[in-house]
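As structure tokens, the structure follows; a few thoughts come after it.
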Amino acid sequence: MRVTETFQQPKGPGRVSEDELVMTDSYIAVIDGATAKDALLWDGVTPGRRAAVIIAGVIRSMAPTLTMDEFISLSTDAIMAEYVRAGRAETVRLHPWERISASVVVYSATRREVWLVGDAMCMVGWKCYHNAKLIDTLLADVRTECDRWLLSHGRTEAGLMEHDAGRDIIAPFLREQCFFQNSAGPHYCPYDYCVLDGFPLPRGPHLPASARPLIVDAGAGGDIVLSSDGYPRLFATLRESEDYLADVLAHDRLALKLNKQTKGCLEGQYSYDDRTYVRFRA
């Protein structure tokens, strides 16, 4: 593997990114820690950051020949061990919004595969892969419609960049959506999605795409791009990806039109989310 370019930036100055980039002789991975749904910290860091660090440690210690399922099992066990250590295993089972969780995209050099769990992104053979969550699309629509209504009734963009009222409206639902996360119920739902959170990923033929891990064949070689979902659109080079993001932020900083999200880019932030990008030749 020959790494061509990498880039990482937190969403704002003075913040610790919840993304993690891992590069070993056998694996390259981008881990996107999930945004916290409450103020709970794990050893002084956010749940997303804690998840990213744990999964990064798993990847750095993995044998070169592991399968995606073996990686998922190791990561799940490592996160569950953290719950047990902290005495929170039963709490996070009942209250999934308190879990430490992350999406991840991993390239295995031995297997020449890209593995996606959650809504991280990759580009293989000029084709993009991104398991976006339907629940995010729904809540992004609610937030943007609320903020657009407020703008039409006297609020200003500057005011919403200081305090996003639409985000406040969907905040309870962002927390409750975690019940769709690795849902083990008998009935599958189009809002179900998968992440690495210490609980087994459900399997079955009727799961929506967002609830299934994905294996992308990278056997043809060539350039491969892995990234977190901090980019609204992924391109084959960092410059193109960054230029597109800059254009979107210039015309839709609150993420209400061109790039509907459950959160916008607030005052003092670089972007609406942390972002990590790596391009390499397989």
Looking at the structure I just gave you, is Gly57 open to solvent by 40 Å² or more (accessible area, probe 1.4 Å) and not polar (S, T, N, Q)?
no
Considering residues that are under 30 Å from Arg112 (Cβ atoms) and among the basic types (Lys, Arg), the number found within the range 6-59 is 0
Inspect all residues belonging to the range 8-31 and state whether any of them is among the acidic types (Asp, Glu) and in a loop (DSSP other than H, G, I, E, B).
yes
Options Arg167, Arg99: the member that is under 23 Å from the mean Cα position of the chain (by Cα), under 30 Å from Thr65 (Cβ atoms) and open to solvent by 20 Å² or more (accessible area, probe 1.4 Å)
Arg99
So is Arg203 surrounded by fewer than 16 Cβ atoms within 10 Å (Cβ to Cβ) and touching a Phe, Trp or Tyr at 6+ places or on another chain (Cβ under 7 Å) or not?
no
List the residue pairs whose Cβ atoms are under 8 Å apart, where the first residue sits in the range 159-175 and is in a loop (DSSP other than H, G, I, E, B), the second is open to solvent by less than 40 Å² (accessible area, probe 1.4 Å), and the two are 6 or more positions apart or on different chains.
Asp164/Arg143; Asp164/Asp147; Asp164/Leu254; Asp164/Lys263; Asp164/Gly264
If I go through the range 206-231 residue by residue, how many of them are over 16 Å from the mean Cα position of the chain (by Cα), surrounded by 13 or more Cβ atoms within 10 Å (Cβ to Cβ) and in a loop (DSSP other than H, G, I, E, B)?
3
Scan the range 38-50 and tell me whether some residue there is under 17 Å from Leu201 (Cα atoms), open to solvent by 60 Å² or more (accessible area, probe 1.4 Å) and either of a type in the set (Asp, Glu) or outside any helix (DSSP H, G or I) (or both).
no
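Okay, residues lined up against (1) open to solvent by less than 10 Å² (accessible area, probe 1.4 Å); (2) not in a strand (DSSP E or B):
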| residue | (1), (2) |
| --- | --- |
| Ser75 | yes, yes |
| Ala78 | no, yes |
| Val84 | no, yes |
| Glu90 | no, yes |
| Arg111 | no, yes |
| Met123 | no, no |
| Asp136 | no, yes |
| Asp141 | no, yes |
Write out, first by first residue and then by second, each pair whose Cβ atoms fall under 7 Å of each other, whose residues are 6+ apart or on separate chains, and whose first residue, in the range 250-262, is open to solvent by less than 70 Å² (accessible area, probe 1.4 Å) while the second is among the acidic types (Asp, Glu) and not in a loop (DSSP other than H, G, I, E, B).
Leu254/Asp147; Leu254/Glu157; Leu256/Asp147; Thr262/Asp136
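The values are calculated or read from the model by the stated rules, or taken from the named source; none is laboratory data. Remember, it's a predicted structure, so these values are computed and weren't measured experimentally. Cβ sites come from the backbone with ideal geometry, for glycine too, and all protein chains shown count toward neighbours. Just the protein is used for accessible areas: all its heavy atoms, side chains included, with ligands, DNA and RNA removed. Shrake-Rupley method; radii C 1.70, N 1.55, O 1.52, S 1.80 Å.
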